[in-house]
1. Which of the peptides 333-346, 392-405, 53-66 is most tightly packed, and how do the rest follow, going by the mean number of other Cβ atoms within 10 Å of each residue?
2. What number, in percent, do you get for the relative contact order of region 32-91 if the mean sequence gap of Cα pairs under 8 Å and at least 6 apart is divided by its residue count?
3. With r as the distance between the Cβ atoms of Asn80 and His152 and R0 = 22 Å, compute the FRET efficiency 1/(1 + (r/R0)^6) and round to 0.05.
4. Rounded to the nearest 0.05, what FRET efficiency do Asn61 and Ala399 give with R0 = 45 Å and r taken as the Cβ-Cβ distance? Could you check?
5. Within a 10 angstrom radius of the beta carbon, how do Trp377, Trp78 rank from fewest other beta carbons to most?
6. Once each part is reduced to its C-alpha centroid, what is the distance from region 311-353 to region 135-165 in angstrom?
7. Using unit Cβ charges (K, R positive; D, E negative) and no other charged atoms, how large, in debye to the nearest 20, is the dipole of region 361-418 about its Cα centre?
8. Could you calculate the FRET efficiency of Ser410 with Ala201 from 1/(1 + (r/R0)^6), where r is the beta carbon distance between them and R0 is 41 Å, rounded to 0.05?
Amino acid sequence: MKNNNFLLYSIIIFSFASIFFSSVAVADVVSPKKQLRAQISIEDVICNYGYVKVIKVTTGNPSCVKPSTAEKLISQGWANPVDPKLIDEAEKIKSPIGNVSKLAVVQVKGSAGIQTPKQPIIGYDFVFEVCALGQKIFVPEVFVKSDSDAQHIELASSIDANTCQTTSTIVKAANPDSITVTLENKGEISQKLSLLESKIADLSQKLEAEKKTLGEQIRIEDSSSEYKAKISEINKKIIQLRQELNDARADSSRFLFVLSATPSKSTTPSKFSFSGIPIEGSKATILKVTEQLTGEGYNVVFEACAGAKAVRAPLTTVKSDIDSKNVILANKISPNSCQLGTGQIKAGDVNSIQVILENTEDFSAKVTDLETQIVKWQADLTDAKRSLTELVKTAQKPADYEERVNNLTSMIVDLRNLINNAKASLQGSLFDFYE
């Protein structure tokens, strides 16, 4: 009788969980409302695979619906017309972005690892492997369910194309054979993030090349109009590339803020500024000022340097006696290194032009602390996953096999939660700053 009651209770709980989780957007594509809250434009809102984006006529708000529903809403005048190709594309069967497989299921008892008849089974360590196929999965999420539990699990790190990641979770189940796992990612946002990643790398390379050229040119003593035109043209290219790069990073941060993602990697610091002077503290210094050919203002080339601590969000102000502009540099400034920057400004007196590196120390410290903590937790998580993989795949199981799986799974779950929370805080901070 007790077993029957437990089974009935489990079915009720699972039914409730299934209803709850069925309303939650899957990992790869969050709901249109969440995307709009993250300031993603209506044009850039993406729907999950198999769904079509429609715009309500009366409000202009986007919704994601099945192709058949989209056709009905359009025919009834509820939604604006949609390109028929998009409806056809949504109806096509798409190749999976990855797969997931079960590796091991281990009992979790009241006191982990101690085998006594009086201790009830409180759940199972469910060990599984997630693999990406031909495309990187940026924020892999799986759906684990059993006869008495349902969980959406966001993994703590991306999975590169053609690689796998082993992880685990604790699942309640009356029958361990009922535990299944499904990869939620369909590829849409991962694909968009991959394109943004490539675009950012390409723009960064072009920007560095232009900055290198500018650095070489400003060392030349020349006052000819040709020289001024060349400096002006390079300056314009740098400003345009920097804006495009910041826009691409803002787009990426919007998605990563919603989905949670990995922090950017730091660069190797140098010890001298572009002017060859040893770096002493955080400050901005003007390297060269040239007139614009139109005579309406000046091109200002400057360097912004960090001292012993990194400047995570380099915000500079270019000022004159009649004008003031903020310039957000495209990259963070690593300790004891400098970033080359440019700006255009109007001035009544050229000698009044100055560049100030604004104090973003508190913000930089917060972001740096989060990045450092995430790196540490990621390393701990990698070690725990490696140990778990070796443990479950070994043919000869040790005597304390279940206890060790229990402990490693608990550690993985805790670290995964810490990392995902820290990433959300990090991306939220970066998103707020660049916006």
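Only the coordinates and a few stated rules stand behind these numbers; no lab work does. Nothing here was measured: the structure is a model prediction, and the numbers come from that model. Cβ: placed from backbone, ideal geometry, glycine included. Neighbour counts: every protein chain shown.
1. 333-346, 53-66, 392-405
2. For region 32-91, the relative contact order is 30 percent.
3. Here the calculated transfer efficiency is 0.10.
4. Computed FRET efficiency for Asn61 and Ala399 comes out at 0.15.
5. Ranking Trp377, Trp78 by Cβ neighbours within 10 Å, fewest first, gives Trp78, Trp377.
6. What the calculation gives is 43 Å, centre to centre.
7. It comes to approximately 360 debye.
8. Working: r = 38 Å, r/R0 = 0.93.
Computed FRET efficiency for Ser410 and Ala201 comes out at 0.60.
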